[in-house]
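Engineer: Sending over a structure as structure tokens; questions will come in a sec.
Every read-out reported here was derived from the displayed coordinates using simple, explicitly stated rules and does not represent laboratory data. Quantities reported herein were computed from a predicted structural model and do not represent experimental measurements. In this analysis, Cβ positions are derived from the backbone assuming ideal geometry, glycine residues included, and neighbour counts consider all displayed protein chains.
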Amino acid sequence: MEDDLLRRAVALKYEKEQDAAPRVVAAGQGEIANRIIEQASTSGVPLYQDGSLASLLVNTPLNTEIPFELYESVAEVLLFVYRLDQRLK
């Protein structure tokens, strides 16, 4: 139960034609995090685990771009998703 309270999840969206940077479209802790993870899993959205990054992003206002300071860390997430997508093609 304590692990559930510490669980954090953040969903990002990035459309390179429209967005200057990825945006936070969902974020939460505990049960909300569980719902975000469940929705991503059932929708076929790749999951990337980085507790430190999630902790830094979880309080970012929804539908706002990620902070500039986190660009490099989030770029690693995007690279992970890109490589996964390439393997599935």
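Engineer: Determine, yes or no, whether Ala75 is among the aliphatic types (A, V, I, L, M) and without any contact (Cβ under 8 Å) to a residue 24 or more places away in the chain.
Structural biologist: Yes: the conditions hold for Ala75.
Engineer: Next up: If you take the residues of region 53-69 that are part of a helix (DSSP H, G or I) and under 12 Å from the mean Cα position of the chain (by Cα), which of them is surrounded by the fewest Cβ atoms within 10 Å (Cβ to Cβ)?
Structural biologist: Across region 53-69, the extreme among qualifying residues is Ser55.
Engineer: Just to be sure, is Val45 closer than 20 Å to Asp85 by Cα, among the hydrophobic types (A, V, I, L, M, F, W, C) and out of contact with any helix residue (DSSP H, G or I) (no Cβ under 7 Å at 6 or more places or on another chain)?
Structural biologist: yes
Every residue, every condition in (1) of a type in the set (A, V, I, L, M, F, W, C); (2) touching a strand residue (DSSP E or B) at 6+ places or on another chain (Cβ under 9 Å); (3) closer than 14 Å to Leu12 by Cβ, yes or no:
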{"site": "Val24", "(1), (2), (3)": "yes, yes, yes"}
{"site": "Asn34", "(1), (2), (3)": "no, yes, no"}
{"site": "Glu38", "(1), (2), (3)": "no, no, no"}
{"site": "Ser52", "(1), (2), (3)": "no, no, no"}
{"site": "Ser55", "(1), (2), (3)": "no, yes, no"}
{"site": "Pro67", "(1), (2), (3)": "no, no, yes"}
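Engineer: Looking only at region 21-52, how many residues end up being in a helix (DSSP H, G or I) and either touching a Ser or Thr at 6+ places or on another chain (Cβ under 6 Å) or hydroxyl-bearing (Ser, Thr, Tyr) (or both)?
Structural biologist: 4
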